[in-house]
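Asker: Provided herewith is a single structure, encoded as structure tokens, for subsequent inquiry.
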Amino acid sequence: MSEMSREDLLDVVRRVWEERDPVPEQLVDRMQAAAALAASDVDLELELMELVERSTELAGARGATAYTLRFVYGETDLLLRIAVEGDVSRVDGWIVPPQPMTVHAVRTSPTGREDAVVSDVGDSGRFVLADLPLGQLQLKLEPRDRARTAIATPAFEI
Amino acid sequence: MGVREPAGRAVGSEGVAPPGAAVRPQRVDDPWAQAAECFARWSDGDPGALDDLVRLMTPVLWHVVRAYRLPADAAEDVVQASWLALVRRRDAIRDPAAVGGWLTTTARREAWRVHASLDRATPVEEQDLAPRLPRQTSAETEVVAHEQRRVLWDAVDALPPRCQRLLRVVAFTNRPDYAQLASDLGMPVGSIGPTRGRCLAKLRVALIEAGAC
């Protein structure tokens with residue numbers, strides 16, 4: 001019986017976890033898309049918000065689900081409640097502190113991006129994006145004051 | 001630019017390496033050296049190199065983050081946040097050889113933050129980590145392979161949770177930052193090395209008892 005070295009043991013640990021908790025399918029693809037998108041945002045001088053919270057609400061009747069995401073950039077806080085019913089979704093957003101902005105929901109895919117829905121942010125800081133298709137999405141927030149930088153969320157999956 | 005130091009784990013820095021502990025041989029496929037090479041190419045303006053870096057390091061980040069028992073969607077968020085942080089702060093990484101350690105440290109810190117903020121009352125999906133053995137076939141070799149795998153899984157399972165987490169992080173990262181790891185695990189920094197030694201010893205005993213080596 002040969003004594004297992006530290007490296008042999010760590011190899012066992014690696015193998016066990018690779019088998020029993022494998023990297024999800026498509027994870028690499030999704031991360032490549034997110035990283036490439038972020039790199040192009042940096043090139044466009046868009047400031048990227050950070051996802052700081054995600055919560056899931058209990059699934060409702062008829063397969064409807066809802067969850068919240070919270071993004072932060074500097075002093076700007078963006079809370080999203082995403083409700084999915086069937087193959088469309090609705091996003092209720094709230095920007096704190098409120099500022100006059102236009103919100104673009106951009107569909108992202110490896111082949112490019114297209115504007116899906118546009119909405120104005122009211123004085124309350126609230127906005128609604130209805131009838132959004134499912135898939136990878138990014139929100140771009142453009143202040144009406146052109147002197148201020150546009151900020152964007154990372155891509156997220158609805 | 002090459003790696004600054006040999007790819008093997010430096011045993012001296014921990015001061016607790018058992019005599020004769022093997023230094024990991026330089027592997028041609030050392031992911032850290034490959035990551036450094038990808039990062040250098042990306043910094044030189046090759047956008048495809050970012051894809052290569054993501055392909056190479058995403059599996060490592062997944063295992064590091066899941067060691068904190070985050071649910072799959074939260075774990076994926078953490079892995080993505082680590083990539084976005086790299087893209088945003090690429091200028092902060094002066095030495096390409098540091099990119100692997102930078103990524104895993106970033107992922108571990110974020111995983112710890114999310115782990116700490118998750119409602120403790122919400123149990124982590126245990127079924128998420130439940131054994132998922134491939135369907136058994138009748139071939140005898142399959143049965144033997146299945147049995148051997150079972151033994152390894154059981155040995156890892158029998159470790160205390162803290163050992164499981166520590167060894168998983170250490171196994172997938174080239175050189176974890178011990179100070180940060182200690183704070184993540186709520187342990188004094190000086191006890192990481194000895195704890196790792198004890199965890200490995202437990203695993204060795206479990207494997208010997210099971211006749212796996």
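The values are calculated or read from the model by the stated rules, or taken from the named source; none is laboratory data. Model, not experiment: these values are computed from the prediction. Cβ placement follows ideal geometry from the backbone for every residue including glycine, while neighbour counts extend to all protein chains displayed.
Asker: What number of residues within the range B:187-201 are surrounded by 14 or more Cβ atoms within 10 Å (Cβ to Cβ) and in a loop (DSSP other than H, G, I, E, B)?
Answerer: 1
The rows are residues; the columns are (1) facing chain B (nearest Cβ under 7 Å); (2) under 21 Å from A:Glu157 (Cα atoms).
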residue: A:Ala36; (1), (2): yes, yes
residue: A:Ser55; (1), (2): no, yes
residue: A:Val72; (1), (2): no, yes
residue: A:Glu85; (1), (2): no, yes
residue: A:Gln99; (1), (2): no, no
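Asker: B:Ala10 - would you say it is modelled with pLDDT of 90 or more and within 29 Å of A:Met4 (Cβ to Cβ)?
Answerer: No; evaluated as a whole, the condition is false for this residue.
Asker: Same structure again: Name every residue in the range A:1-50 that is aliphatic (A, V, I, L, M) and not in a helix (DSSP H, G or I), in order of residue number.
Answerer: Matches in the range A:1-50: A:Met1, A:Met4, A:Val23, A:Leu44, A:Leu46, A:Leu48, A:Met49.
Asker: Here's something else I'd like to know. Just to be sure I understand, how many residues within the range B:48-102 are assigned to a loop (DSSP other than H, G, I, E, B) and of a type outside the set (Gly, Ala, Ser)?
Answerer: Selection size over the range B:48-102: 8.
Asker: Looking at B:Asp77, B:Asp73, which is the one that is surrounded by fewer than 18 Cβ atoms within 10 Å (Cβ to Cβ) and facing chain A (nearest Cβ under 9 Å)?
Answerer: B:Asp73
Asker: Within the range A:76-83, is even one residue facing another protein chain (nearest Cβ under 8 Å), part of a strand (DSSP E or B) and at pLDDT 90 or above?
Answerer: No, the range A:76-83 contains no residue that is facing another protein chain (nearest Cβ under 8 Å), part of a strand (DSSP E or B) and at pLDDT 90 or above.
Asker: Of all the residues that make up the range B:202-213, how many are in a helix (DSSP H, G or I), surrounded by 14 or more Cβ atoms within 10 Å (Cβ to Cβ) and free of Cβ contacts under 8 Å to residues at least 24 places away in the same chain?
Answerer: Count: 2.
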